[in-house]
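To keep things clear, I will list the structure first and then write my remarks on it.
No value in this document is a laboratory result; all are computed from the given coordinates. Just so you know, these numbers come straight off a predicted model, no measurement behind them.
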């Protein structure tokens, strides 16, 4: 059993649903941890791991995710959580007004840690574009404005299983599952 430390129930649902069929069980610990101001998602989770390792027994999983919009120089990126709370999807759409380059990507970095063991980092990314307006009520965060490459609907319009087949978080979970499978096998 791995403790997934997150205040976001949506993330927990997505990751649990992706890992359960692979025999990986998670339990959620609803606890915030410090998120340093850094340029890379990996730096954020590595810093937080030092704090979480002192608070959680056994193996733990933490993550940081971000929406990186090309026309905005990668904003909101590592500041996605703050941007969501302050300007939301509508604010990003306002910043995108009049821009023709709508390319964006979602990225996730997972860190698997345990006190006394070196942490392992797993990454996932999903390329796509920013929609012209929010669409759908599913998912969370910026899901209603992100259209994954090769699709016509936003993450917000997709079911959990549809999103979990292609998302950044699903890809990071698959990398984690491969590691755990190799370690246990």
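Observations, loosely collected:
- Report summary: the helix-based calculation at 222 nm, which adds -39500 (n - 2.57) for every DSSP H run with n ≥ 4 and divides by the residues of the chain, gives -9500 deg cm²/dmol.
- Semi-axis lengths (Å, descending) of the ellipsoid that matches the C-alpha gyration tensor of segment 1-49: 23, 12, 10
- In degrees, nearest ten, helix 168-184 long axis to first principal axis of the chain (Cα): 20 degrees
- Its residue count N sets the reference 2.2 N^0.38 Å, and the alpha-carbon radius of gyration of the chain equals 1.01 times that reference.
- Helix axis angle, 41-52 relative to the chain longest principal axis, alpha carbon, degrees: 40 degrees
- Bridge type composition, the chain - antiparallel percent by DSSP, nearest 5: 80 percent
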